Amino acid sequence: MVLSVCPPHGALDIARAVAATRFPRTLRGRQRRIAPDTAREAAAIVQATGATYVDGGIIGPPPDKPGTTRLYLSGPAAGRIAALFAPGPLEAVVLAGDLTAASAIKMAYAAWTKGSQALIMNVRALAAAEGVDEALLAEWQRSQPDLPKRSENAARGTARKAWRWVGEMDEIAATFAAAGLPDGFHRGAGEIYRRMAVYKDAAAAPSMDDVAKTLLKEPGA
């Protein structure tokens with residue numbers, strides 16, 4: 001059995017590497033952040049060698065205790081993978097339906113969580129550019145008091161991981177497009193995280209003010 005957990009940009013390369021080994025009767029579980037169409041392509045690569053493919057998507061933090069994290073699985077052999085996690089803190093949930101249902105739920109979930117963080121940081125950058133950031137924060141304190149802290153948490157919590165989320169936003173956008181839905185928002189979110197990739201090796205997480213300045217710079221400036 002091969003379990004694959006990697007950033008989206010490595011998904012198909014890993015599928016090809018597994019296929020090239022030609023292990024007999026391999027059961028392959030995939031836990032990545034890729035569009036269902038990309039997952040189908042990976043499945044086709046693996047299945048062409050006679051291996052069994054199981055789709056997967058992880059939602060939640062590192063599972064150091066029960067009840068915090070789910071591993072969604074789909075495909076005819078999903079139950080076999082789920083059984084392996086029964087004794088541990090990671091809850092495995094088998095989804096009915098299409099082979100790539102696990103990728104689909106991961107895309108839908110991350111479209112909101114990571115997409116909304118990109119949006120709120122971009123809003124703060126816009127307010128800073130127009131000189132109304134303090135006024136916006138004051139209005140939020142009156143009408144939506146959770147938003148100032150959410151924007152700061154978005155900056156500090158995503159900055160050093162932003163480089164990993166660029167490909168995920170591209171995959172989410174592709175998922176929306178394949179469903180006949182507008183995909184432009186998440187392509188924009190991908191550009192936000194692309195500009196934040198400079199924080200990858202930062203010793204400390206930046207403030208929202210720092211992130212706003214970074215977002216306002218032209219790429220390569």
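The values are calculated or read from the model by the stated rules, or taken from the named source; none is laboratory data. This is a predicted model, so every value here is computed, not measured. Cβ sites come from the backbone with ideal geometry, for glycine too, and all protein chains shown count toward neighbours.
Residues Thr175, Thr158: which one is within 26 Å of Ala135 (Cβ to Cβ), within 15 Å of the chain's Cα centre (by Cα) and in the same structural domain as Val123 (by TED's automatic domain parsing)?
Just a single option satisfies the conditions, and that option is Thr158.
Suppose we keep only residues that are at pLDDT 95 or above and touching a Pro at 6+ places or on another chain (Cβ under 6 Å) within the stretch 101-147. Which one would you say is surrounded by the most Cβ atoms within 10 Å (Cβ to Cβ)?
Among residues in the stretch 101-147 that are at pLDDT 95 or above and touching a Pro at 6+ places or on another chain (Cβ under 6 Å), the one surrounded by the most Cβ atoms within 10 Å (Cβ to Cβ) is Trp140.
Among the residues of the stretch 88-109, write down those that are in a loop (DSSP other than H, G, I, E, B) and over 16 Å from the mean Cα position of the chain (by Cα).
Hits for the stretch 88-109 are Gly88, Pro89, Leu90, Leu95, Ala96, Gly97, Asp98, Leu99.
With a cut-off of at least 1 residues that are over 14 Å from Ser103 (Cβ atoms) and modelled with pLDDT under 80, name the helices (runs of 4 or more DSSP H) lying wholly within the stretch 1-87.
Answer list for the stretch 1-87: 11-21.
Residues are listed down the side, and each one gets a yes or a no for (1) outside the structural domain of Glu171 (by TED's automatic domain parsing); (2) out of contact with any Phe, Trp or Tyr (no Cβ under 7 Å at 6 or more places or on another chain); (3) farther than 18 Å from Ala43 by Cα:
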| residue | (1), (2), (3) |
| --- | --- |
| Ile59 | yes, no, yes |
| Pro62 | yes, yes, yes |
| Lys65 | yes, yes, yes |
| Ser74 | yes, yes, no |
| Arg80 | yes, yes, no |
| Phe85 | yes, yes, yes |
| Val94 | yes, yes, no |
